[in-house]
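To start, the structure under review is shown below, and the notes come after it.
The values are calculated or read from the model by the stated rules, or taken from the named source; none is laboratory data. If you're wondering where the values come from, they're calculated on a predicted model, not measured in any experiment. Heads up, the Cβs are rebuilt from the backbone with ideal geometry, glycines too, and the neighbour counts pull from every protein chain shown.
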Ligand code: AMP
Ligand code: MG
């Protein structure tokens with residue numbers, strides 16, 4: 001079963017061809033991140049225009065690279081949302097066109113779920129599990145009971161983890177995207193006496209929520225007091241983000257009594273997050289799974305993979321349907337049943 005997956009929800013144009021939801025035959029990502037760098041964040045109109053330029057060459061490239069004829073593709077999967085509307089429209093329009101021209105089923109994928117499925121490109125998912133999704137726009141913890149069965153356990157009440165790293169990097173003058181820049185600089189030190197607050201939310205019914213906006217403000221303040229200690233500031237920022245994510249994810253896994261914890265989203269590329277999570281979970285006999293680094297940020301292969309599992313469940317998207325944003329995960333996974 002060959003699925004071609006298309007991702008265009010933000011600033012990456014990704015296309016991938018995946019066999020049986022597991023084997024990546026080809027995957028290409030073209031990012032417009034560099035163009036947004038001078039603005040310190042993504043400019044939606046610019047991102048949409050870049051998708052328009054990149055989408056057809058990306059599709060052509062994965063077909064050539066995999067040696068797969070377009071007629072051999074069995075289904076088209078596309079990120080339907082959440083994301084930037086103009087960006088989503090480019091991918092959805094390309095996917096609908098292919099679906100119509102090739103008479104192949106169209107599967108609309110939730111971008112957040114696609115991030116979780118990047119893990120299935122490494123090994124079969126072990127259910128039941130808890131998943132920690134940490135990206136530039138989202139930070140959330142889910143119970144993942146089975147394919148197509150996700151329940152939100154907690155989410156950020158303000159900024160996403162990636163967003164605080166991006167904005168923090170901007171405060172420190174490290175450029176965009178900030179996560180990798182913070183990680184590189186933080187790696188040059190192994191400790192610091194500079195401390196940033198680790199948020200603790202005490203709402204009894206929302207025990208696994210996250211919050212990062214206070215951290216952002218605290219970093220601005222600390223930077224003003226110690227402008228010359230950049231590497232230590234980066235280390236303190238990374239420590240606070242990692243610690244807050246690890247505490248909540250492990251607490252959620254223990255509360256749900258699961259043995260498997262999946263990490264996903266762009267921030268999951270962070271080596272310290274992976275290491276601290278593994279170390280902390282191991283003490284509770286919880287196994288941590290991470291996607292391969294090349295599939296942790298936005299890409300088309302994870303979309304193809306999620307699409308494969310929804311195809312198996314009989315979830316399809318109609319040609320009369322468009323992008324959907326917002327698109328909360330865990331509320332409506334069934335999309336359109338055939
Ligand atoms: P996504 O939204 O899933 O494409 O992920 C993008 C986000 O991941 C951005 O906020 C990046 O700053 C962040 N990111 C990427 N690589 C790393 C890294 N190595 N460490 C921390 N954050 C990262
Ligand atoms: Mg993403």
If you go through 145, 99, 135, the only one that is in the same structural domain as residue 267 (by TED's automatic domain parsing), under 30 Å from residue 23 (Cβ atoms) and more than 16 Å from ligand 1 (Cβ to nearest atom) is 145
Exclusive hit being outside the structural domain of residue 18 (by TED's automatic domain parsing) and surrounded by fewer than 19 Cβ atoms within 10 Å (Cβ to Cβ), set 278, 238: 278
Flag for residue 307 being in contact (Cβ under 8 Å) with a residue 12 or more places away in the chain and in the same structural domain as residue 90 (by TED's automatic domain parsing): yes
Of the residues 272, 280, which single one is outside any loop (DSSP other than H, G, I, E, B) and within 14 Å of ligand 1 (Cβ to nearest atom)? 272
Of everything in the range 173-217, what is more than 16 Å from ligand 1 (Cβ to nearest atom), out of contact with any strand residue (DSSP E or B) (no Cβ under 9 Å at 6 or more places or on another chain) and under 25 Å from residue 42 (Cβ atoms)? Give them in sequence order. 214, 217
If a residue must be free of Cβ contacts under 8 Å to residues at least 60 places away in the same chain and within 16 Å of ligand 1 (Cβ to nearest atom), how many such residues does the range 14-30 contain? 1
Taking the residues in the range 110-130 that are in contact with a helix residue (DSSP H, G or I) (Cβ under 7 Å, 6 or more places away or on another chain) and within 16 Å of residue 295 (Cα to Cα) as candidates, determine which candidate is farthest from ligand 1 (Cβ to nearest atom). 125
